[in-house]
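Notes follow once the structure below has been shown.
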Amino acid sequence: MSNTATVQTAQEAEVHGVHHDAHHEHHEHHETFISKYVFSQDHKMIARQFLITGMIWAIIGGLFSVLFRLQLGYPNSTFPWLEDLLGHWAKGGKLQPEFYYALVTMHGTILVFFVLTAGLSGTFANFLIPLQIGARDMASPMLNMLSYWFFFLASIIMFSSLFVQTGPASGGWTIYPPLSALGDASSGSKIGMDLWLASMAMFVVSSLLGGLNYITTILNMRTKGMSMTRMPLTIWALFFTAVLGVLSFPVLLSGAILLLFDRNLGTSFFLSDIVVNGKILPNEGGSAILFQHLFWFLGHPEVYIILLPAMGMSSEIISVNSRKPIFGYMAMVGSLFAIAILAFLVWAHHMFVTGLNPFLGAFFVLLTLLIAVPSAIKVFNWLTTLWRANIRFTPAMLFAIGFVSLFISGGLTGIFLGNSALDIHLHDTYFVVAHFHIVMGVASFMGMFAGVYHWFPKMYGRFLNNTLGYIHFWVTIAGAYLIFWPMHYEGLAGMPRRYYDFSNWESFKMFGGLNEFISFVALIVFAVQLLFVFNFFYSIFKGRKVKDLNPWGANTLEWTTPIRPGHGNWVGEIPEVYRGAYDYGKDGREFIPQTEPIGENESHH
Amino acid sequence: MTNILLIVIVIMIFIVIFQISKASEYVSVLKGEEQSRKQNNKINAFLLIVFLVLGLIGCWWCNKLYYGKTLFVQGAASEMGEKIDLMLYITIAVTGVVFFATQILLFWFAFKYQEKDDRKAYYFPHNTKLELLWTTVPAIFLTILVVFGLKYWFKMTGEAPKNSVIIEVTGHQFGWEFRYPGADKILGKKDYRLTKGSNSLGVDFNDPASLDDMHVSATVHIPVGKPVKFVINAQDVIHDVGLPHFRMKMDAVPGIPTTLWFTPLYTTDEMKVRTGNPNFVYEMSCDQICGKGHFTMRGIIVVDTQEEYLKYLATLEPEYWSVFPDKKPGALKTATTDSTKTKASLAAIMPAGN
């Protein structure tokens, strides 16, 4: 960025800041409950709204997994209380297959979209972008507010689908037609599916409003001196996340709309040659595979939409708590960039067994395995950051280390699945379940928890209880490995995913004991997450108060704001930035905040 | 009653954990926050190394318990499957080395470089040589894996040998149908609009090639040692032909026929001996979610010796006879085979590129 441009941006920021200060003071006395807590335009409040909504969804989605794990772990038992809870969906205390599939579908949908997309990047992009680049708020606080409320609307629609008589969508979170297009093929493909699609349309709107805002804010509203290469890695990660979302979510929307047409208007985009329940359908000429292309063109970038924020936050937290600069800042940015580009070029690796042209498949193999290179760079850079550090194990740091561990474990199995010849055997088995739960499920959750523990003091001016945090971390990481590690063996035995019961299968029934064990661990891990939720809400009101402006001794700008920043973030002028975010341990000093001018005798690196 | 008791116990445990955690916070304030922070640091660093050791033991133990239940032990039951297993071993070896190296480094560094009063973090922001090293080394290993993978991929997905036994597989909610092409070795044409009554596959009996085709449900017999080619269809939603023992898999998509081929190495009886399981059967699982009965969509593949296979085929009657019972006597006389025409019809239902 040229000097003039920097100055210009800074001037803009200042003008904006002055404007906002006036605005801020003017409104201080008129702030009502509604404008402060409900239709708030303060990015920090919107972040909290995203976080808490995401947490509620996480509890629902997690509970669903516990319910279907009961069926998988104890296929021969009945649980009368299930009937009390779920009515005819659990007749005689046993989950009905239709509802089992509905639970599996909603678990995936909720966790992927509502928790790990909205709850993760919604929370931290909103919270951290203005605070870490030195802006008073987002480029458009109004659109930002709408982004949350569209998400809220999507949530309401999805939640309501749980209560319709024919049940919520039950064709898997990937909703492949024709199953999802034909009400005759599955009761979950009746009204529940329309609600799913409507909800997802609202969700895409929310994500676009948010994403455009994040990009605009990062590009235009950085404070004076905050050049792109001085930005913390969190911001880089959130930037690429937003770019991925803006470019790929519309494609999902197009797929969803075409599917709605096929369902309700008699079109044949995805339907051809179908006889269902003895009924010969008139649809001809559509391609069921076309939907999969549209879906995975979003679906694969979506994986990185989930993962990149966790990478960025873990990088930041590892550096702060190692008291060492992140190793290879530019390589970290470069590898994020490479991952973001490659994310768009690998979608068909989800489709190796659809009858895809093998020649085309070969390119997707090559590009998929290429992602391992930037991933390896990131892992080794994290390891080198820890090397000869002086590490403080805050709960956030532990979760960041847990993130790296799980990212390695889950990433390596991606090398199996990305190689099409092996994927043929492993496709749609428990190997895949283990792979993606570790690498984008639990790993991203680790990143998210790291973020929550690290920035909770900034969000609420109080600390989370440390002891509960440590318990939370140790049970979660041990549980994650106990649950998902043995699943690789089930997958190597060819055991298919999304099966309600294996007991009739000579080839798969030998894992009964293991499935019971996994279900039991899942139950405990879920209970400990509730402990975290309790810690979260208790600490908002009763946690230990933050007394120090900069409790972690971090360099980034958010710690220069007041302990509980108001709307506008900084009381006076926005601070100016003179250096990158990672001057830890430089020249014998523990940390040098970004706001400190370069000293005369400072060493160059 | 036990449920309520259970809930009460869980809540009690929660409260106890919470009270202890709260108390520990008060204690830390009394003791001096800095001092208790350092203590926590030591405890967690120690736990990280304990976790590493237990984790490594866990990996070994898990392998001991479950390796025998994977398909490696019995070996692949198809020619290509053996290559896939070799590839799996190579990939496991490469990724295994990386896995153990990086996890050990991660937890060991975390433990070794825990905060100490006399330690200063080493300012080490970047090093081009190191970064180049771990860009190129993974790239080289991945290239090897890609080359291997693509070699087998093209072989597996390539054209089936000319002498393949052709069998049509059709998936529907919730079961599998199989069609043998009969003496002319050509599958008769189908049109889904003809699906009616006992003509459950919608076979076009105006096509002479269809007259000797034989239709069976759920169980299919194939000969050992000969390439078998499945031509795969679905009637209602997407299904998937999953053949774990042969290391093969292919989607069944309505409107878009797909194919897969493999050469079985062992008969079902031989596999009973190899696996030591007298109940062994080759199972065909549906591997693409297809509705509430997805998990019941079980097909059986019986691999026979050549003689058994021929004997079995001789017991089957053409589907034409069961759809039109009145045509049964002498129906085969009218069956003429126009090989060029029917081959074209078969080619028409194959996906391009296969």
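Nothing in this text is a laboratory measurement; each read-out follows from the coordinates by a stated rule. Since this is a predicted model, take the numbers as computed values, not measurements. Don't worry about glycine lacking a Cβ; one is built from the backbone with ideal geometry, like all the others, and counts go over all protein chains shown.
In angstrom, the C-alpha Rg and Dmax of the range A:306-388 are 15.8, 52. Of the peptides A:154-161, A:76-83, the order by per-residue mean of other Cβ atoms within 10 Å, starting with the highest, comes out as A:154-161, A:76-83.
Overall, chain A carries a charge dipole of about 980 debye about its Cα centre when +1 sits on the Cβ of Lys and Arg and -1 on the Cβ of Asp and Glu, all other atoms neutral.
Working ranking of peptides A:143-150, A:123-130, A:167-174 by packing, defined as the average number of other Cβ atoms within 10 Å per residue, highest first, is A:123-130, A:167-174, A:143-150.
Exposure proxy ranking for A:MET142, A:MET495, based on other Cβ atoms within 10 angstrom of each Cβ and starting from the fewest, stands as A:MET142, A:MET495.
Which value at 222 nm does chain B reach when only helices count, each DSSP H run of 4 or more adding -39,500 (n - 2.57), with the total divided by all residues and rounded to the nearest 500 deg cm²/dmol? Don't skip to the answer; put the middle values down first.
Numbers: 8 runs with 162 residues, N = 354.
So the helix-based figure for chain B works out to -16000 deg cm²/dmol.
Ignoring solvent entirely, what values of log10 I(q)/I(0) come out of the Debye formula for the range B:50-200 at 0.12 Å⁻¹ when each Cα is a single scatterer? The computed values of log10 I(q)/I(0) come out as -0.88.
Can you pull out the chymotrypsin sites (Phe, Trp or Tyr not before Pro) in the range A:188-222 whose DSSP state is coil and whose Cβ has at most 11 other Cβ atoms within 10 Å? Numbers along the way, then the final one.
On the way: sites: A:TRP196, A:PHE203, A:TYR214; in loops: none.
Qualifying residues, ordered by number: none.
Under 5 Å from the amide H of A:PHE591 lie the amide H atoms of A:GLY585, each residue being 5 or more positions distant or on a separate chain, with H modelled from the backbone and absent for Pro and chain starts.
Pairs of C-alpha atoms in the range A:234-287 farther apart than 15 Å represent 61 percent of all such pairs.
Run lengths n ≥ 4 of DSSP H only: what is the helix-derived mean residue ellipticity at 222 nm for chain A, with -39500 (n - 2.57) per run over all residues, to the nearest 500? Could you put the intermediate results ahead of the total?
Numbers: 19 runs with 361 residues, N = 605.
The helix-only estimate for chain A comes to -20500 deg cm²/dmol at 222 nm.
Go ahead and run the numbers for FRET between B:ILE57 and A:LEU523, Cβ-Cβ distance against an R0 of 41 Å, rounding to 0.05. Could the numbers behind the result be given before it?
Details: r = 24 Å, r/R0 = 0.58.
It comes out at approximately 0.95.
When the GluC sites (Glu not before Pro) in the range A:280-323 are filtered for DSSP coil states and for at most 16 other beta-carbon atoms within 10 Å of their beta-carbon, the remaining sites are A:GLU284.
Placing +1 on the Cβ of each Lys and Arg and -1 on the Cβ of each Asp and Glu in the range A:83-219, which of A:GLY172, A:HIS107, A:SER147 has its Cα farthest towards the positive end of the resulting dipole? Going by the charge dipole, the pick is A:SER147. Across peptide B:281-288, the mean count of Cβ atoms from other chains lying within 10 Å of each residue's own Cβ comes to 6. As a proxy for reagent exposure, ranking A:ARG388, A:ARG263, B:ARG247 by other Cβ atoms within 10 Å from fewest up yields A:ARG388, A:ARG263, B:ARG247.
What percent does the relative contact order of chain B come to when contacts are Cα pairs within less than 8 Å and at least six residues apart?
Details: 481 pairs, mean separation 59.6, N = 354.
Reported as a whole number, the value is 17 percent.
Among the residues of A:552-560, the average count of other protein chain beta-carbon atoms within 10 Å of the residue beta-carbon is 0. Close amide H contacts of A:LYS224 (hydrogens built in the peptide plane, cut-off under 5 Å, sequence separation of 5 or more or a different chain): A:VAL577. For chain A, averaging the sequence separation of C-alpha pairs within contact (under 8 Å, six or more residues apart) and dividing by the residue count gives a relative contact order of 16 percent.
Panel note: the C-alpha atoms of chain B, placed on their principal axes, show extents of 100, 65, 41 Å (largest first).
With no solvent and one point per C-alpha, what does the Debye sum give as log10 I(q)/I(0) for the range B:1-132 at q = 0.15 Å⁻¹? With one equal scatterer per Cα and no solvent, log10 I(q)/I(0) is -1.00. Each pair of Cα atoms in the range A:369-418 enters the Kirkwood radius, and Stokes-Einstein at 37 °C and 0.692 mPa s then converts it into a translational diffusion coefficient of 276 µm²/s. Of the three principal axes defined by the Cα atoms of the range A:37-588, the extents in descending order read 75, 46, 45 Å. Remark: mean inter-chain Cβ contacts per residue of A:376-384 equal 6, using a 10 Å Cβ-Cβ cutoff to other protein chain atoms. One chain, two ends: B:GLU307 and B:ASN163. Fully extended at 0.36 nm per residue, the span grows by 50.1 nm beyond their Cα-Cα distance.
Close amide H contacts of B:VAL231 (hydrogens built in the peptide plane, cut-off under 5 Å, sequence separation of 5 or more or a different chain): B:ILE167, B:GLU168, B:VAL169. Suppose every Lys and Arg Cβ carries +1 and every Asp and Glu Cβ carries -1, with no other charges. What dipole size does the range A:450-553 come out with about its Cα centre, to the nearest 20 debye? Here the range A:450-553 has a charge dipole of around 720 debye. Can you give the FRET efficiency to the nearest 0.05 for A:GLU576 and A:LYS91, using r as the Cβ-Cβ distance and R₀ = 60 Å? Calculated transfer efficiency: 0.35. Straight-line cross-link reach from A:LYS547 at under 16 Å between alpha-carbon atoms covers these lysines, not counting any fewer than eight positions away in the same chain: A:LYS458. Determine the distance separating the Cα centre of the range B:195-265 from the Cα centre of the range A:57-102; give it in Å without decimals. Between the Cα centres of the range B:195-265 and the range A:57-102 lies a distance of 35 Å. Candidates A:PHE249, A:SER507, A:PHE261 compared by Cα position along the dipole of the range A:37-588: farthest toward the positive end lies A:PHE249, with charges placed on Cβ.
Along each principal axis, taking the top coordinate minus the bottom one, the Cα set of the protein assembly as shown gives 102, 68, 54 Å in descending order. The residue list B:LEU316, B:VAL253, B:THR263 was ranked by how far each Cα lies along the charge dipole of the range B:165-349 toward its positive end, using unit charges on Cβ atoms, and B:VAL253 comes out on top. Net charge dipole, chain B: roughly 960 debye, given to the nearest 20, about the Cα centre with Cβ charges of +1 for Lys and Arg and -1 for Asp and Glu. Ordering A:THR384, B:THR315, A:THR394 by the number of other Cβ atoms within 10 Å of each residue's own Cβ, fewest first, gives B:THR315, A:THR384, A:THR394.
Annotation: the antiparallel percentage among DSSP beta bridges lying fully within the protein assembly as shown is about 70.
Here the convex hull built on the C-alpha positions of the range A:54-157 has a volume of 101 cubic angstrom per residue.
Maximal additional length on extending the A:SER140-A:SER77 stretch stands at 17.3 nm, based on 0.36 nm per residue less the C-alpha distance.
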